[in-house]
Structures are given as C-alpha cells and as structure tokens.
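Comments concern the structure below.
The values are calculated or read from the model by the stated rules, or taken from the named source; none is laboratory data. All values derive from a computational prediction rather than experimental measurement. Positions of Cβ are generated from backbone atoms using ideal geometry, with glycine treated the same way; all protein chains shown enter the neighbour counts.
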Protein chains: 2
Amino acid sequence: MLYEISEKTMKLVSEGKKVIKLNLGDPDQPTPNEIIEAAYEAMKQGKTKYSSSAGEKKLREELANLHKVSADNVVISTGSKWAIFILMYLLLKKGGNVVIPTLYWTAYELTAKSLGAETRFLRTEIDLEWKIDIEKLKDLVDRRTRLIILNNPNNPTSKVIDEKTLDEIVQIAKDKGITILSDEVYSDISFVETKSVLDCGNDHILVKSFSKTYAMTGWRVGYAVMGKGLAEKMVKLNQITLTNVPVFIQEAALKALELREEIANRIREEYRRRADLACEILSKTKVRFSKPDAPFHLFPKYEGLDSERFALDLLDEGVAITPGTAFGEYREHFRIALTVSEEEIELGLKKICEALK
Amino acid sequence: MLYEISEKTMKLVSEGKKVIKLNLGDPDQPTPNEIIEAAYEAMKQGKTKYSSSAGEKKLREELANLHKVSADNVVISTGSKWAIFILMYLLLKKGGNVVIPTLYWTAYELTAKSLGAETRFLRTEIDLEWKIDIEKLKDLVDRRTRLIILNNPNNPTSKVIDEKTLDEIVQIAKDKGITILSDEVYSDISFVETKSVLDCGNDHILVKSFSKTYAMTGWRVGYAVMGKGLAEKMVKLNQITLTNVPVFIQEAALKALELREEIANRIREEYRRRADLACEILSKTKVRFSKPDAPFHLFPKYEGLDSERFALDLLDEGVAITPGTAFGEYREHFRIALTVSEEEIELGLKKICEALK
C-alpha cells in the first residue's frame, strides 16, 4: 500500500496535478553546501580509490569520541540500513528469533523474513502512549531469542523510549543473554533527550545515520557501534560486499560532524515548528494523536477509519499520506510525514480535516 | 598472506622506505576529471535524495542498449562485489553447491563460505594455458549445483576464455539447469575480443563494474544483467540493504559511459604497453608465464619457488608482489599487478629477475 500510494502520487504529478506529499520519508531540505564542497574537494584530491572496509580512521575516531567508545567499535556503513541487514545476518543466520516492538520500520521484518528468522512482534498502542509493555516483552523472549530491535525515536510514532523502560529492556536482555540493536537515526534531532542503548553498557549495538541529521539521505552513509568481535565480523563482510563507502562521501560525513551543532539545531527547530503547527491543527479535530518527541512523523488515529480507502480518496484531493496498514494492523491510523514546508503542511492538514468531517 | 604483504608494505612506506607496489589491485590512474565534474554538478542540482533501488532509469537504459537487453534486466549495484554477493545469496541460500574454476577471486569463496554453500573448485594450470577442462567440469557438476562462477577475463591469470570453451560451459549449464554468473569486469579493456555470457543467451548473469574501465574503483558502482524475475528479487534486497547507489555517483557513471570509447581505449593502451614491457623483461628469464589477454596482472611460475618466502624477501628489496598461495595451491607462482608506471614496472621487474637468479 505504501508503494501503491507512492506510485499513484508519481503518476498524478507526471500528469501535471499538484500533490502535497505527506507520505515521504525523504526530507525537503537540501544537503548543506559545505558538505557538498567537502566531497568535491576530496574527489579532486584523488580520494576515489579503494579504502578500508571498516571506514576511514579519522571519521571512526571522531564518532568514537562522540560516543565515548574506541574507534575499533565503530564501523562505517552504506546508510544505517546496511548495518541493520548485515548485523541481523550475522546474529540470525544460524536460526533463532528476533523480537520487534511495533510499530516498526518495514525493513526489519523483510530482512528477518529473507534470512528465514522467526519474527515476534510486541504490539504497542496509542492508548498507552506507544509504551513498550515490559511484562509482555518478558513473555515474548525465550532461549531462542537472539535479538531485540528498538527504533528509538520511533518511526512512525515519533515517540522516545523513556529511561525507565529502556533500563528494564536492557535488564531483560542481560538476564537472557540477548543482544539489543537500537536504531537511533532520529536521536540527534529529537525534541527531547533520548537515552541511547550505549548509555546502558557495551553489550549492545547502536545504529546511526547521517541521513536525517544532516539532510544526507541519498549519500548512503551511516555507522554502527558494537563490541570489537562483532565489529571485526562486520568488517569482514564489508570486504566481500561493499569494499568501502566512497572515501569522498566519508569526507563529506566528516565535514557534517564538524558542523554538527549548527546543522542539527537548525534541522531540529525546523521540525519542531512543523510538528507544533501540525499538532495545533489536529488538536481542533476528533483525530487522536500523541505529541511527537522527535521528527518527523505523526501517526494519528480516527475511530472507525479505513485508512487505505481514506488515503486513496485523499490522493484525489491532492494530498498523499500513508495508511496505517503499511505498518501492521493499524487500520484506523495514518502516517503524516512532516517533510514538506509549513505552508504545505497547513494546506495538507486542512484538507485532511475536511475529508474527515 | 595478501594482507600480510600489504600491511608490511604500508609499514615500510610509513617508515620512509620506497616500495614499488606490484601487489595492488587498485590502478594508479586518477578518475577522469569530466566524471568528477558530473558528480559535482549532480550534487549541486540536489541529486542527493533517496532514489530507485534498481538504479536510475537513464543509466539502466544506456546499459541495456549497450548489452542489447531491456532496462528491466539491468540492476545498478554498489560495485560488482555487491551484485556477486547478493546473487550468490539469492541462488545459494537454500543450499546446493557452486563450481568455481581456479584461479578465482577470493570474494567468491568467502561469500560461499559465509552463506554455508559448498564450493567445488576446478583447477586450471599454466601448462594448459589456464584453460578450463570441460570433462573435469562435467564430472564436477551434479544435481545440487546451482551456480558456476566464471571470471572472464581472469584475475590473476589475465586470460580470456576462448569462444569454444565458453560455448561448451554454457551447454553444460543448459543441460543441467545451472546458472552461470560471469564476472567480466576487465572485458571492456581486454586486449583481445572477449565473448560475453550474454552472447550465449538470456539464462545467465553478467556482472560488470565501472571500476577498472573508467578508473573509478573507489566510487563503488557496478551493475548486473539478468532475467527479470531474478532482477526483481535483487531490487527487493537492494531496498532493504542499500536503498540506492547515490544518484550523483550514477550521474558520474552516465558521464563515464558517454566517454566510453575514449577512456577505455586510453586505459587499454596504457595497460597493453605495460604488459608488453613486462613480458619483454620476463621473457629473458627462466620464469614461465602466459601472455596476458587483458589487464592487469601477470601470474608467472618459477620452478621450485616458495612464493611466500620470496614475497617477504623481495619486500626487503623494496618490491611488493603477491604470492601465488593467496589464490589457492599455487606456491610456485606469484602475481604482479601492472597498476604502476612503466618506469616502476621496469625497476620492479629487474629487481625480481635479480632475486630469482
């Protein structure tokens, strides 16, 4: 359904129709110029050769400083997705199951399926502010559980896991010898403090990306922090799959880190304004939603809604959204991505409100 | 041993010693300026967003024209390596074996091992001009054989498979329902005509790269041509692993294709001169070698040689080569990569000849 909406949107646009795209996971911001120039400089300097499958030393060291680990714990990856795939491959290829709280990013499930691993979902609900139920988690894990995948902050709920809950999840993982893979790609631009899995000890895996924090989605550069043994295995797999992330792209990432505060603050504030605006409009309707802790989605619920029908009808009115069914059994929900201008958000949400009347 | 030599080389260089690096698979040529400028232009135009996991339409169409297939048969990949890994994953993850003629590129074996697939090697010898023995191949394949991997032209022998042999291999594959994956990354700059597996029908897989033909090793862009069904499966895996090769890199690849004749001819002639020079020097020695059909290696044999010992001793003389053992049971052989200037080749080979006296 995600792809159906996106294809119909492209068709309408190609026919000359104006569509407000509240369905996109790709922000409207351009990559900052300094980052582009850094890549160009590196290319001109001949940084266009094969290089380390772990990533460039300087970039790994900077990231290690940031996360208070050693450079040996950091592996540069083709976006966060590659790190997630290859770490799931390493941890699940000999069997076992993976526990994933809903709502979850589709790639987790598809990867598990491709690897032939059993997936166990832990359902969360808007009524409980999307909190993970620790007792349910305890019931779900067993001795065949290899991995718990957290998405913190979450796409599409935009909620951050509170400290107490995270500590409890880590305790369960510790008791049962389970690895946590925490996908924290939105944490640097989160509106609230986000406790990282790395703040809970060195046994777990952090996955991060330059995509959202620095408007670098299409550059495909991310990284993962993990134990040295696992890092060595990931590097060996990088050697026979990717070789390396292009060095000029890693130089661009290094420049992004240098401008970290400035860029992340600007992008965070932009999303905060958009989120505030969207919440203000939605609060005047019968739609239920939980206030986002982070960019860049809202996942409201409307009692009795068939979100698939709604999304298709709304597209005819010139607004693209994603039905909740794209994320599992959430038919009464729909996802709004705040990846367009405030003007378009206002216009789009007004049309949504009208359509729901 | 490959990595031991390369690490010792780096150490010597960092200590200020001059080393002639005849051990590198990364050519000395810089990426042509026009290609760098095309990438920069694309970045400035905002081609820094998520895009199709199959690759950009224009690039796929150009490649389809080149290979006389449909764009649906072409998938853009992060270098040729990724295509090889993911196609082996798709074809071998349910078990079966893969047949690989020696000498082979290490990544084939490591990937098969990682996937838990059985590997069957078909040994070739310098005495038979590195030809694949068809009778041996017939004996080696069985009903569990899913894949035959060819490297044509071959690294490190630099031999091209003759037409008759290729036709016979294809016939065996047809009879037994086996897929051939043909890694032809050197074919565009080959000194002799190289018949592609695509010239033998549409049942097989061609893997190519921009790395060698256009001096773009570190850009990580390649492609594979295959049946539509398999292409769709590869695209689905790209969606959950890479998302896409950066669009600005695909624009650079498009520019490379535009300048194809000019760049490939220049690079081919450069390697031909280097190969002629190397053959001339070696022909005056007791070393046996077969004349290379393609860039950019020589794989000579010296009766009774312990190439590991030889490589380490030679490094002390300031020349780095790769011992034959890095490619299997070829202790009397060593690999010379012609990825440095003619001047350095001459100097390096003279030192090799002296050391062998």
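Scanning the stretch A:265-297 for residues that are among the aliphatic types (A, V, I, L, M) and not in a helix (DSSP H, G or I) returns A:V287, A:A294.
The criterion of at least 3 residues that are surrounded by 19 or more Cβ atoms within 10 Å (Cβ to Cβ) is met, among strands (runs of 3 or more DSSP E) falling completely within the stretch A:26-138, by A:74-77, A:97-101.
For the stretch B:228-238, the count of residues that are crowded, with 24+ Cβ neighbours inside 10 Å, without any contact (Cβ under 8 Å) to a residue 60 or more places away in the chain and of a type outside the set (G, A, S) is zero.
Only one of the numbered conditions (1) surrounded by fewer than 17 Cβ atoms within 10 Å (Cβ to Cβ); (2) modelled with pLDDT of 95 or more; (3) outside any helix (DSSP H, G or I) is violated by A:D203, and that is (2). Do we find that B:I149 is outside the structural domain of B:R274 (by TED's automatic domain parsing), touching a Phe, Trp or Tyr at 6+ places or on another chain (Cβ under 7 Å) and within 22 Å of B:R274 (Cβ to Cβ) in this structure? Answer is no for this residue. The residue of the stretch A:327-346 that is farthest from the chain's Cα centre (by Cα), among those that are among the acidic types (D, E) and over 23 Å from A:R268 (Cα atoms), is A:E332.
Flag: B:N73 does not match the condition of being over 22 Å from B:V225 (Cβ atoms), within 22 Å of the chain's Cα centre (by Cα) and modelled with pLDDT of 95 or more. Taken over the stretch A:155-183, the criterion of being of a type outside the set (V, I, T), free of Cβ contacts under 8 Å to residues at least 60 places away in the same chain and surrounded by 23 or more Cβ atoms within 10 Å (Cβ to Cβ) is satisfied by A:A173, A:S182.
Candidates B:D276, B:D293, B:D306: the one that is surrounded by fewer than 22 Cβ atoms within 10 Å (Cβ to Cβ) and either assigned by TED's automatic domain parsing to the domain that holds B:I161 or under 30 Å from B:L110 (Cβ atoms) (or both) is B:D306.
Among the residues making up the stretch B:310-338, those that are surrounded by fewer than 23 Cβ atoms within 10 Å (Cβ to Cβ), of a type outside the set (D, E, K, R) and assigned to a loop (DSSP other than H, G, I, E, B) are B:G318, B:G328, B:Y330. Restricting attention to the stretch A:20-64, the residues that are touching a residue at least 40 places away in the same chain (Cβ under 8 Å) and at positive phi total 1.
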